[in-house]
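Beneath this line is the structure, given in structure tokens, with notes to follow.
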Ligand code: SD4
């Protein structure tokens, strides 16, 4: 680890003098990076602005925990992101309910589920972690706690999201477990200059979900998990399948057993596929992982999953490999 840190410091100095050649990612199919790849940050989907916010913190020597929170707050505040925070698509009853979690390198974790009216659930999750003896607060209790902590009550349903919901209501589409309209949940993992890892995940959940439904994103070990000895993982897509296999925890444990992040993501997707051989073609689940060396892996059930990776000076979106080919 110290070696990686020294390499980072050396590379930072080179970058400062314009001598560092970028990008540094190797062009193999799994994007296995160079071994001097920390600090780093990686997020599900096209989240370059979020990763930029995280990068600003870790490159200044800040903590991975601050970085993942700052990163997650970017789409939470963005009304154009229909899957997260403010502007997130509502549930079947037209109500925006948010799920989020956060976990640090010491194994501390916080989470909120079914939270309404608060734009930054990831920050409430962090307060749960730091200010209470609990891990998870839900619904009205989570809202009361957020208000006590000084968060502002806001209307999170934008005109755009309300109109989309009205259209959906008129079409009277049945409740579906699958929903391809709504796949931008951010899971974000970062390793700081000290080599410590943290992760966060935040979402408005599946669009038009049944009122009261909670997905995988706030469940520690399902939507996100980090272990400072091993690495971290996060998930996006239809949370029910992630929860039933505790995907992020599974990936971290597979890495602990020696699998690369890519191999671990692939095995976790195969676990879902083999359990649901007739159904997996109808939904997307995407996993993203990083080990403590800063090597990343990503894999989806089907085409379309992508992730944003910052290593050294490069902040880029990469397509993930996937299971369902033809
Ligand atoms: C959920 N996993 O609530 C979330 C949805 C998601 O990108 O990831 N959308 O099931």
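The values are calculated or read from the model by the stated rules, or taken from the named source; none is laboratory data. What you see is a predicted model, and the numbers here were worked out from it, not measured in a lab. Positions of Cβ are generated from backbone atoms using ideal geometry, with glycine treated the same way; all protein chains shown enter the neighbour counts.
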Task: Selection count, region 105-145, where residues are assigned to a loop (DSSP other than H, G, I, E, B), touching a residue at least 24 places away in the same chain (Cβ under 8 Å), within 16 Å of residue 66 (Cβ to Cβ) and out of contact with any strand residue (DSSP E or B) (no Cβ under 8 Å at 6 or more places or on another chain) - done: 2
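Let's see how each residue does on (1) free of Cβ contacts under 8 Å to residues at least 60 places away in the same chain; (2) within 16 Å of the ligand (Cβ to nearest atom); (3) in contact with a strand residue (DSSP E or B) (Cβ under 9 Å, 6 or more places away or on another chain):
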site: 252; (1), (2), (3): yes, no, yes
site: 256; (1), (2), (3): yes, no, yes
site: 272; (1), (2), (3): yes, yes, yes
site: 280; (1), (2), (3): yes, yes, no
site: 283; (1), (2), (3): no, yes, yes
site: 314; (1), (2), (3): no, no, no
TODO: Determine, yes or no, whether residue 53 is at pLDDT 95 or above, surrounded by 14 or more Cβ atoms within 10 Å (Cβ to Cβ) and under 26 Å from residue 320 (Cα atoms).
DONE: yes
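Rundown of residues vs (1) crowded, with 23+ Cβ neighbours inside 10 Å; (2) part of a strand (DSSP E or B); (3) modelled with pLDDT of 95 or more, yes/no style:
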residue: 226; (1), (2), (3): yes, yes, yes
residue: 242; (1), (2), (3): yes, no, yes
residue: 251; (1), (2), (3): yes, no, yes
residue: 258; (1), (2), (3): no, no, yes
residue: 317; (1), (2), (3): no, yes, yes
Open item on the list: I need the full set of residues from region 260-270 which are farther than 13 Å from residue 226 by Cα and either within 15 Å of the ligand (Cβ to nearest atom) or buried (at least 20 other Cβ atoms within 10 Å of the Cβ) (or both), in order please.
Closed with: 262, 264, 265, 266, 268, 269
Open item on the list: Take residue 287 and tell me if it is crowded, with 19+ Cβ neighbours inside 10 Å, at pLDDT 95 or above, within 16 Å of the ligand (Cβ to nearest atom) and under 30 Å from residue 168 (Cα atoms).
Closed with: yes
Task: Test for residue 30: is it modelled with pLDDT of 95 or more, at negative phi, surrounded by fewer than 24 Cβ atoms within 10 Å (Cβ to Cβ) and assigned to a loop (DSSP other than H, G, I, E, B) - done: no
